[in-house]
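Structure incoming, see below.
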Amino acid sequence: MKTRVLAAVLSLMLLSGCVSQNGGLTENRKNELSSSSEVSGSSEKVNFDEAPYEINYLYLVAQEGSNQSKVAQAVNDLAMKELNMTVKLIPMTFGTYNSQISMMLAANEPLDIFLAASNQFSTYIDSQYLVNCADYLTYLPDALAVLGEDAYAGYLGDFLVGFSVMKERAYPAGLVVRKDIFDGLGYRTDDFSVTTEDYSSFDQITELFAKVKEAYPSMVCLDGTSIMGLQQYSYMDNMGSNFGVLENYGQSTVVTNWYESEQFKFFCTLGREWFTKGYSSQDIAVNQDSGEIKMKAGNCFSFITNVKPNTAVEKLAQTGYEVEVLYLSDIMKNTNAVNASLLCIANASKDPAKAARFLNWTYQSGEFNDLINWGIKGEDWIETEDGMAAYPEGVTASSVGYHNDFGFVYPNQFAGHAWQGNPPDIWKQYQQYNSGLMVSKAYGFTFNSTPVATEEAQLNSVEDQYKKDLAFGAVETDEALKDFNEALYAAGLQTVIEEKQQQLDAWLAENN
């Protein structure tokens, strides 16, 4: 999936006064969760005699289809019927969102609900763009019930930024391989057992690449924008910034420098081996195209990405090839896996309480989630006999009037229909997957980097200079790694590590 790193400056004072140093699920917040869940904002009687409130709802789309206006009208009609609210949908593609959202917030344009990325939380709080959702929990019982303790991963200090969408809660690293080539070479997924408990197990991947290269000399064995050394969230808990982490999947409570760990060095050394042997693309360190795009072009055997239960189905749709998935890490849940992007209430909202009620409704309305994801039932999609969503007869991906498949950025895809091709019980699989995860010992904690904002900014610049070349093996490992760490410490890494350890220790003392 996407890079999830909190911004360097977490300025938390302006809106919430004197806040606690750390966020997370404290005992007080557990009590909030319990008491707030007892008040049902969704079941509270709607006053249809008052003037309807208009909700301005910004959401992400793959593209605006020809049925966009029909979807907007259907959502409006549904919300009017159930909530006495009208809805103005504001659809944006990822590219438009990235270029427009900050300007839209700064201009105080009409907006009630929108999705915010974690690298903007502190800026948005500091700029007073957000409502503190902690003040409106009584209007959000369904959201709290759906999310459970994950509802509180969005706290920064005493400020509740927003609420996570319902999706997988861990980002293990996986190698996605073309099934036709994999099968043709006589391999099965059961042949592979790659684990960080035994680094020599990664030789299995090197041997696979060697076989592919021998059989298909012109094939690029590995391409895309990721490799193990860039999959930091798969292997450790960074607690909001990469500078000072909990290694071993967050099972330690000692903050260390991952970039001088045995693990990071091993990943860089392996990346160097793959690069020098010609297994990875020779421009992989500067390439901007995803592994999905590279595989779809036809000359890429594999790429590394975050994986989950239905990755093979998703990648078939994105690449045009059937794939197999080989796991390259254990499966861990940390705070960043939950709060990387949150549904927020904008400070521009004319009635935050009504905005909160609407947001609450989106977590329990399957019809709403289906509308913004799949479009108009009967025109853009139908329900199959086994309860899946599918194209109607005669409709294809190129002719459909509306189709996003963006459940991972919508409130609660579990309330709606999964797309045909997934297992019929895919939502149950997700829920089981989420319930069985290894959990970081710092789950619920997010680092407040305000005291070391200058150091964090300097460290980000150093990381940008060295990290990709090292991870992909485009430079000689030992010398570049030595230079990288020297530059990190010169930029103030030790100061950041000590500050993070101090905050973590205080959080652990409060929560254990």
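Those residues that are farther than 28 Å from Ile90 by Cβ, out of contact with any strand residue (DSSP E or B) (no Cβ under 7 Å at 6 or more places or on another chain), in contact (Cβ under 8 Å) with a residue 12 or more places away in the chain and of a type outside the set (Val, Ile, Thr), I need them from the stretch 401-429; list them, please.
In the first step, residues of the stretch 401-429 are kept if they are farther than 28 Å from Ile90 by Cβ; the result is 420-426, 428-429.
So of that shortlist, the ones also out of contact with any strand residue (DSSP E or B) (no Cβ under 7 Å at 6 or more places or on another chain) come out as 421-426, 428-429.
Checking the rest, the ones that are also in contact (Cβ under 8 Å) with a residue 12 or more places away in the chain come to 421-424, 426, 429.
Scanning the stretch 401-429 gives Gly421, Asn422, Pro423, Pro424, Gln429.
Do you know which residues across the stretch 180-209 are of a type outside the set (S, T, N, Q), surrounded by 14 or more Cβ atoms within 10 Å (Cβ to Cβ) and either touching a strand residue (DSSP E or B) at 6+ places or on another chain (Cβ under 9 Å) or closer than 19 Å to Val307 by Cα (or both)?
Ile181, Phe182, Tyr187, Phe192, Val194, Phe202, Ile205, Leu208, Phe209
Just to be sure, is Ser69 part of a helix (DSSP H, G or I), under 22 Å from the mean Cα position of the chain (by Cα) and more than 29 Å from Lys45 (Cβ to Cβ)? It would help to see each step written out before you state the result.
Details: part of a helix (DSSP H, G or I): yes; under 22 Å from the mean Cα position of the chain (by Cα): no; more than 29 Å from Lys45 (Cβ to Cβ): yes.
Judged against the criteria, Ser69 is not a match.
Return the residues of the stretch 435-445 that are modelled with pLDDT under 90 and open to solvent by 10 Å² or more (accessible area, probe 1.4 Å); say none if nothing qualifies.
Filtering the stretch 435-445 down to residues modelled with pLDDT under 90 leaves 435-436, 444-445.
The answer is Ser435, Gly436.
Further question on the same structure: Residue pairs, Cβ under 8 Å, 6 or more apart or interchain, first in the stretch 489-506 and at pLDDT below 95 and open to solvent by 30 Å² or more (accessible area, probe 1.4 Å), second hydrophobic (A, V, I, L, M, F, W, C) and outside any helix (DSSP H, G or I). List them.
If the second residue must be hydrophobic (A, V, I, L, M, F, W, C) and outside any helix (DSSP H, G or I), no pairs are left.
Could you please let me know if Val475 is closer than 30 Å to Val286 by Cα, touching a helix residue (DSSP H, G or I) at 6+ places or on another chain (Cβ under 9 Å), open to solvent by less than 70 Å² (accessible area, probe 1.4 Å) and among the β-branched types (Val, Ile, Thr)? Step through it out loud before you land on a result.
Values: closer than 30 Å to Val286 by Cα: yes; touching a helix residue (DSSP H, G or I) at 6+ places or on another chain (Cβ under 9 Å): yes; open to solvent by less than 70 Å² (accessible area, probe 1.4 Å): yes; among the β-branched types (Val, Ile, Thr): yes.
Judged against the criteria, Val475 is a match.
Restricting attention to the stretch 409-432, which residues are in contact with a Lys or Arg (Cβ under 9 Å, 6 or more places away or on another chain) and either surrounded by fewer than 16 Cβ atoms within 10 Å (Cβ to Cβ) or among the basic types (Lys, Arg) (or both)?
Hits for the stretch 409-432: nothing passes.
Something else now. Residue check, Lys265 against (1) open to solvent by 50 Å² or more (accessible area, probe 1.4 Å); (2) part of a loop (DSSP other than H, G, I, E, B), all met but one. Which one?
(2)
Residues checked against (1) open to solvent by 40 Å² or more (accessible area, probe 1.4 Å); (2) of a type outside the set (Lys, Arg); (3) over 17 Å from the mean Cα position of the chain (by Cα):
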| residue | (1), (2), (3) |
| --- | --- |
| Gln282 | yes, yes, yes |
| Phe301 | no, yes, yes |
| Ile304 | no, yes, no |
| Tyr321 | yes, yes, yes |
| Val325 | no, yes, yes |
| Met332 | no, yes, no |
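Sort out which residues of the stretch 478-488 are surrounded by 20 or more Cβ atoms within 10 Å (Cβ to Cβ) and either polar (S, T, N, Q) or in contact with a strand residue (DSSP E or B) (Cβ under 7 Å, 6 or more places away or on another chain) (or both), and write them in order of number. It would help to see each step written out before you state the result.
If we filter the stretch 478-488 for residues that are surrounded by 20 or more Cβ atoms within 10 Å (Cβ to Cβ), which is where we start, we get 484, 488.
Of everything in the stretch 478-488, nothing turns out to be surrounded by 20 or more Cβ atoms within 10 Å (Cβ to Cβ) and either polar (S, T, N, Q) or in contact with a strand residue (DSSP E or B) (Cβ under 7 Å, 6 or more places away or on another chain) (or both).
The values are calculated or read from the model by the stated rules, or taken from the named source; none is laboratory data. Keep in mind the model is a prediction, meaning the values are calculated, not measured. Cβ coordinates were reconstructed from backbone atoms using ideal geometry, including for glycine residues, and neighbour counts include every protein chain displayed. Just so you know, the surface numbers come from the protein's heavy atoms only, side chains and all, with ligands and any DNA or RNA stripped out. Shrake-Rupley method; radii C 1.70, N 1.55, O 1.52, S 1.80 Å.
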